[in-house]
Amino acid sequence: MSRLPDSSDTTTAPDAAPALGDDTAARPTAIDGSPEGGRDRSNRGAALIATAVALPATVLAGVLAFNQFAPDQPESEPSTSAATPGPLSTAPVEMAAPALAERPATVCRALLSQLPPTVRELPQRPVTAGPEQNAAYGDPALTVACGDEAPAFADTDKLWLVNRVCWYGSEAEGSTVLSTVDRETTVTVRVPDDYDQPLQWVSPISETITATVPSVDDPPTGCRPA
């Protein structure tokens, strides 16, 4: 805080001169009127400074002594989460490869050559037989088989149109089987139960089917858009 007056119009009376012969004349007067006030303030100030310097040094010495004699703490081991998935299999997926007639074989080769390298987040995997007509993705494996027999279904069974491809679905052990019913060569996709909403998994495959597998002239009634 400043020691200057709060306002410029404040005046103070001059200090009275000390009387001759007074033994306090040669010594400064303290603010409270006691002699040698300046020396006392100097002594107190020096003591405060010495204390302020000594305290950090004392604290530092205590910290160093504690660190020296405190027992070492073992480093924490990295935790492993039980929910961390293991590595996905990249081994060939076992699939059958029945012999195909010339026309279906040609169509299937065109389809397989254009299939995407991934279906959603599932990477493509090798197959044990018929890579020109079979494909597999992910672990557990979602499989694509071209040239299978056409599925049998009733006129009242529900069909699904996905990206202009008409699919018939049935349930099998551990998977949903989706087969095209509006293409000259049948394409069958097996979607494991681990993957929700099976129709979403055939969406990228439908795009390739539309481009490579010709449609039939007279598709089932359920395949026609409403």
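Residues that are surrounded by 21 or more Cβ atoms within 10 Å (Cβ to Cβ) and in contact with a Gly (Cβ under 9 Å, 6 or more places away or on another chain) within the stretch 148-170 comprise Cys166, Tyr168, listed in sequence order. Kindly indicate whether Ala97 is assigned to a loop (DSSP other than H, G, I, E, B), hydrophobic (A, V, I, L, M, F, W, C) and in contact with a Lys or Arg (Cβ under 8 Å, 6 or more places away or on another chain). In short, no.
To keep it simple, each residue is scored yes or no on (1) in contact (Cβ under 8 Å) with a residue 40 or more places away in the chain; (2) over 18 Å from Glu132 (Cα atoms).
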| site | (1), (2) |
| --- | --- |
| Val165 | yes, yes |
| Tyr168 | no, yes |
| Glu173 | no, yes |
| Val177 | no, yes |
| Asp182 | yes, yes |
| Asp193 | no, yes |
| Pro198 | no, yes |
| Thr208 | yes, no |
| Ala211 | yes, no |
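The residues in the stretch 92-103 that are surrounded by 12 or more Cβ atoms within 10 Å (Cβ to Cβ), more than 16 Å from Val189 (Cβ to Cβ) and of a type in the set (A, V, I, L, M) can be counted, and the count is 2. Among the candidates Thr128, Thr118, Thr106, the residue that is closer than 17 Å to Tyr195 by Cα and either modelled with pLDDT of 95 or more or buried (at least 18 other Cβ atoms within 10 Å of the Cβ) (or both) is uniquely Thr118. Contact annotation: residue pairs with Cβ atoms under 6 Å, 6 or more positions apart or on different chains, pairing a residue in the stretch 107-119 that is under 12 Å from Ile205 (Cα atoms) with a partner that is part of a loop (DSSP other than H, G, I, E, B) and of a type in the set (Val, Ile, Thr), are Leu111/Val213. Pairing residues of the stretch 134-151 that are under 15 Å from Val93 (Cβ atoms) with residues that are at pLDDT below 95, at Cβ distances under 6 Å and at least 6 apart in sequence or on separate chains, gives Asp139/Leu88; Asp139/Ser89.
The values are calculated or read from the model by the stated rules, or taken from the named source; none is laboratory data. In this text the structure is predicted, and so the values were computed from the model without any measurement. So basically every Cβ, Gly included, is an ideal-geometry build from the backbone, and we count neighbours across all protein chains shown.
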